[in-house]
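Down below is the structure, laid out as structure tokens.
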Amino acid sequence: MKKGTLIFWLVLLTLVVIGVGVSVYVNRQPGKLDNFAQCLKDKGAIFYGAFWCPHCQATKRMFGKSAALLPYVECSTPDGQGQLQICKDKGIAGYPTWVFPSGTVLTGERTLQELSTASGCLLPNSDAVPDSSDTSTPGA
């Protein structure tokens with residue numbers, strides 16, 4: 001193998017290894033709203049939604065990768081044509097619906113501040129709260 005070709009492949013391999021390493025490092029970082037999402041769950045709030053609901057997807061995007069910690073209950077049947085019994089039993093009529101132990105029910109897209117007020121969970125400082133227009137969050 002020529003020296004130039006060998007150097008090319010070594011540089012390429014090094015860049016790939018660095019790229020994978022950075023990706024793993026970034027994905028292991030906690031979400032900016034992890035504590036807030038965990039507090040919602042710990043306080044007994046429940047987020048009812050449907051996979052096909054654009055407002056539910058927007059709510060998940062608002063939480064970024066912290067959405068994985070949300071106390072989410074899927075209400076839609078897999079075909080998107082019906083509602084699961086758990087949501088019928090709870091009287092969930094629209095999505096998203098947040099239900100809090102105090103009896104407070106919030107429907108539709110809500111701000112982080114509204115969820116904070118209803119739950120008593122504190123938001124992180126304003127610098128840590130992601131811009132809701134950020135659509136780079138996977139799994140929404």
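Just so it is clear, none of the values below were taken in a lab; they were calculated from the coordinates. This structure is a prediction, so every number in the text was calculated from the model and none was measured. Quick reminder, even Gly has a Cβ in these numbers, built from the backbone with ideal geometry, and neighbours come from all protein chains shown.
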Pick from the range 34-58, criterion in contact with a strand residue (DSSP E or B) (Cβ under 7 Å, 6 or more places away or on another chain) and within 16 Å of residue 107 (Cβ to Cβ), ranking: surrounded by the most Cβ atoms within 10 Å (Cβ to Cβ): 48
Just to verify a result, which residue in the range 95-113, among those that are outside any strand (DSSP E or B) and among the hydrophobic types (A, V, I, L, M, F, W, C), is nearest to the chain's Cα centre (by Cα)? 112
Is it true that residue 63 is of a type outside the set (Ser, Thr, Tyr) and either crowded, with 23+ Cβ neighbours inside 10 Å or under 13 Å from residue 115 (Cβ atoms) (or both)? yes
Restricting the range 42-101 to residues that are hydroxyl-bearing (Ser, Thr, Tyr) and touching a residue at least 12 places away in the same chain (Cβ under 8 Å), the residue that is nearest to residue 124 (Cα to Cα): 66
Scan the range 48-94 residue by residue and report those that are of a type in the set (A, V, I, L, M, F, W, C) and either in a loop (DSSP other than H, G, I, E, B) or touching a His at 6+ places or on another chain (Cβ under 8 Å) (or both). 50, 51, 52, 53, 70, 75, 84, 92, 93
